[in-house]
Amino acid sequence: MKIVIAPDSFKGSLTALEAAKAMERGIKRVNPHINTVLVPVADGGEGTMASLVAASAGRIVGFQVMGPLLTHVQAAYGVLGDEETCVIEMASASGIGLLNQEELNPMKTTTIGTGQLIKKALDDGYRRFILAIGGSATNDGGLGMLQALGMKFLDANGEPVGYGGSELLRIVDIDVQEFDSRIANCEFLIATDVQNPLVGENGATHVFGPQKGATPEMVEILDNNLRHWADLVEQETGISLHDKPGAGAAGGIGGAFQAFFPSKTKRGIDIVIEYSRLVKHLEGADCVFTGEGQIDFQTASGKTPMGVAEAAKSKGIPVFALTGSIGRGIEVLYEHGITSVHSIINSPMTLQKAIEGAAILLQQTAEQVMRTYMAAKR
């Protein structure tokens, strides 16, 4: 019997690989001779770089950059096994996980660290990039990233503006003369499943700003600032980001890539599935175990369990999804290939206790699901 184990990370407790190993331990308790294939995956957010590097036998290059509040943070980029493709995870340099709750402030947070990672990779000779832009703490339209790569943004006095979403309104002129010329000869594949426009009720600020610390007053200010930014970008490039699908990804950095980089966008989970050779691993599999921290109706929008299930469904393979919590609307998942969803919480407990015990809980649940599956097969 062959079982493919392809979970995402359980944020705050387990990496995707740790989650896969916990599931494997549970499955092996039922029968140690079961052939398990571990394919830890991600959907464009935190963990994407590690998944792609691991899948391709690549390596990780550490580098210090300026974090979202201009303090030094240790970030990294990945190099795939082909030694030609560089993977940059925005969360590593400009992620919400780098700040505590009190520090969240999208008026101030900047994407400069993401730009510094790109510049470092350019200096190291890479010209093919995968950018995973999930998990950002920013709402600056990509301003900081562009500043790090040489673009200048001038105020009414001809002086450079500062960093963060609050500075966008002060810009009156975009100077692209010193924008890194190497970028024109690169390929950028942007990993995201966000299709929101840059501005408006469905835009970057209104939809994602509050989770990054934006108050209702900040939301109105930042949305107006991004509208001003989009006007300037259109004047400079002829590209209107205002209503452009995907421009609102990661606080508007998606729009910066669309306007100033030779780039294309693809669902993060599809990129990881391709590079991890998941479809190949599914050949001959009897069933699949996947999972992540929470599964609900949003999972159907391109999250890891859905991407894995879609790949398995095409081969008629059942998929069991294990999760910390089950939200509303999971019924839609059954139409896309998920056979059943199982919470690993086995008794009343605090969130902290669940996080601390996630590996054991995941192992125990995987064992019980496997026992049920084996009984049904007899």
I'd like the distance separating the alpha-carbon centroids of region 5-72 and region 264-283, in whole Å.
15
Find the relative contact order for region 40-146 and round it to a whole percent, using C-alpha pairs within less than 8 Å whose residues are 6+ positions apart.
30
If you restrict to DSSP beta bridges whose two residues both lie in region 51-150, what percentage is antiparallel, to the nearest 5?
70
Expressed as a whole number of Å, what is the distance separating the alpha-carbon centroids of region 83-102 and region 297-370?
26
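Within 10 Å, count the other beta carbons around each residue, average over each peptide in 152-162, 228-238, and list them highest first.
Highest-to-lowest ranking by the protection proxy: 228-238, 152-162.
May I ask you to compute the full-extension gain from V207 to N35, defined as 0.36 nm times their residue separation minus their alpha-carbon distance, rounded to one decimal in nm?
Taking 0.36 nm per residue and subtracting the Cα distance, the gain is 57.6 nm.
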Which of L104, G213, A132, positive extreme of dipole for the chain (C-beta unit charges)
A132
How much of the DSSP bridge set in the chain is antiparallel, in percent, rounded to the nearest 5?
35
Taking 0.36 nm per intervening residue step and subtracting the Cα-Cα distance, what contour gain separates V279 from K377 on full extension?
32.9 nm
Greater than 24 Å separation of Cα atoms is the criterion. Which listed pairs, K11/K120; K11/K377; K2/K280; K11/K303; K152/K266, meet it?
K11/K120; K11/K377; K152/K266
Quick one, which of [x] 63, 44, 36; [y] 78, 55, 36; [z] 77, 44, 35 is the actual Cα extents along the principal axes in Å calculated for this model?
[z]
Compute the length gained on full extension between E236 and E356: take 0.36 nm times their separation in residues and subtract their Cα-Cα distance, giving the result in nm to one decimal.
38.1 nm
What is the antiparallel percent of DSSP beta bridges lying wholly in region 48-266, to the nearest 5?
55
Would you grab the residues whose amide H sits under 5 Å from the one on S136? Only those 5+ places off in sequence or on another chain, please, with H modelled 1.01 Å from N.
I96
Looking at Q363, G268, W229, which one has the Cα that reaches farthest to the positive end of the dipole of the chain (charges on Cβ: Lys, Arg +1; Asp, Glu -1)?
Q363
Count the net charge of all other residues whose Cβ sits under 10 Å from the Cβ of A191, scoring Lys and Arg as +1 and Asp and Glu as -1.
-2
Mind ordering 207-215, 219-227 by average Cβ neighbours within 10 Å, highest first?
219-227, 207-215
Residue-averaged [θ]222 nm for the chain, counting only DSSP H segments that reach four residues, each worth -39500 (n - 2.57):
-10500 deg cm²/dmol
Order of R328, R170, R378 from fewest to most other C-beta atoms within 10 Å?
R378, R328, R170
How do 81-91, 103-113 rank on mean C-beta neighbours within 10 Å, highest first?
103-113, 81-91
HN-Hα J in Hz across region 31-46 - Karplus 6.51, -1.76, 1.60, θ = phi - 60°, x for Gly and Pro
7, x, 8, 5, 7, 10, 10, 8, 10, x, 10, 7, 10, x, x, 4
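Just add up the charged neighbours of V161: K/R +1, D/E -1, any other residue whose Cβ is under 12 Å from the Cβ of V161.
Result for the local shell: -4.
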Using each residue's phi in region 288-295, evaluate 6.51 cos²θ - 1.76 cosθ + 1.60 at θ = phi - 60° and report the 3J(HN,Hα) Karplus result to the nearest Hz, with x for Gly and Pro.
10, 10, 9, x, 6, x, 9, 10
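Laboratory data are not the source of any read-out in this text; all were calculated from the coordinates shown. Everything quoted here is computed from the prediction, not taken from an experiment. Using ideal geometry, Cβ is built from the backbone for each residue, glycine included, and neighbour counts are taken over all protein chains shown.
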